[in-house]
Amino acid sequence: MAHIIVVGNEKGGSGKSTTCMHIATALVRMGHPVGVLDLDLRQKSTGRYIENRLAYVARSGLRLPTPEYLDLPEADTSRLLPGENPYDQRLSAAVAEFEKSCDFIIIDCPGSHTRLSQVAHSLADTLVTPLNDSFIDFDLLARLDPETGKVKGPSIYSEMVWSARQLRAQADLPPIDWIVLRNRLGAQQMHNKKKVGSALEELSKRIGFRVAPGFSERVIFRELFPRGLTLLDLKDTGVDQLNLSNIAARQELRDLMTELRLPGVQISF
């Protein structure tokens, strides 16, 4: 069976699509067949990212390793079981199609609570939650005491992950490996940054996730999207000399891929 990586966060603007595309492209470049699903049926940012990549490849004539992308198939209402949700059928059909040929399936969830997102979390072998490094985004995971800064308890997203873990346990499936990525870290060690880090470490012990550094705030990520490119494609597109920011960003991606601890993956870029 394919290893399923779910990238989820119920807040928009956390870098989910950038994270999805870089993980997927890294895995493809290391020789693994990868399938990608985008469950944001309205915006489809990751789907657009791959569409931009295919258009760039067609224009440039370059051969860039690219993950396979599928839109969710429409539900076959004639085959729905009594009480079955049509969205469940659509997601199951897409996953089953990818499992025929893929080592990894990457699922990008929308920045809101939906039925599809809820089901996808229960399918996750690895859950990646990109989080902007602020207490506004931290509120997604936990409620804080405003006076002491201490964690009072899990918030709605953490409770959804807990429910997904229970469903997997009931189905006798391996537990979810949950990684929270601290995205868009500033270059300076600000007081607020340290406080967020301390709060995340405390919460990680209580509700069971690992904390990992993600991607820093860099202009390059906004420039790559229109062409569907990732950091690993720059040399193939004629960029012979990477600047220091790009080199640092590649190292961040290497660190992320190492931290994911995916089965059968040897980091080779």
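Listing for the model above:
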| item | result |
| --- | --- |
| Any hit, segment 155-164, residues being part of a loop (DSSP other than H, G, I, E, B) and touching a Lys or Arg at 6+ places or on another chain (Cβ under 7 Å) | yes |
| Identity of the residue in segment 1-28, farther than 19 Å from Gly214 by Cβ and in contact (Cβ under 8 Å) with a residue 40 or more places away in the chain, that ends up surrounded by the fewest Cβ atoms within 10 Å (Cβ to Cβ) | Met1 |
| Options Val57, Val34: the member that is touching a Phe, Trp or Tyr at 6+ places or on another chain (Cβ under 7 Å), of a type outside the set (Gly, Ala, Ser) and over 17 Å from Leu116 (Cβ atoms) | Val34 |
| Check on Ala142, farther than 24 Å from Ala171 by Cβ and either aliphatic (A, V, I, L, M) or touching a Cys at 6+ places or on another chain (Cβ under 8 Å) (or both) | yes |
| Selection status of Asp240, over 20 Å from Val128 (Cβ atoms) and either among the basic types (Lys, Arg) or touching a Pro at 6+ places or on another chain (Cβ under 9 Å) (or both) | no |
| Qualifying residue in segment 217-227 (condition: closer than 15 Å to Leu127 by Cβ, under 17 Å from the mean Cα position of the chain (by Cα) and modelled with pLDDT of 95 or more) | no |
| The lone exception for Pro110 - which of (1) surrounded by 16 or more Cβ atoms within 10 Å (Cβ to Cβ); (2) free of Cβ contacts under 8 Å to residues at least 24 places away in the same chain it fails | (2) |
| In segment 130-143, the residues that are part of a strand (DSSP E or B) and over 16 Å from the mean Cα position of the chain (by Cα) | Ala142, Arg143 |
| Residue in segment 221-233 that is touching a Leu at 6+ places or on another chain (Cβ under 6 Å), assigned to a helix (DSSP H, G or I), charged (D, E, K, R) and touching a residue at least 24 places away in the same chain (Cβ under 8 Å) present | yes |
| Residues that are closer than 23 Å to Gln166 by Cα and part of a helix (DSSP H, G or I), drawn from segment 94-113 | Val95, Ala96 |
| Single match in Leu127, Leu116, Leu167 (criterion: modelled with pLDDT of 90 or more, touching a Phe, Trp or Tyr at 6+ places or on another chain (Cβ under 9 Å) and part of a helix (DSSP H, G or I)) | Leu116 |
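The values are calculated or read from the model by the stated rules, or taken from the named source; none is laboratory data. On a predicted model such as this, the values are computed, not experimentally measured, just so you know. A quick note on method: Cβ atoms are made from the backbone with ideal geometry, for glycine too, and the neighbour counts reach across all protein chains shown.
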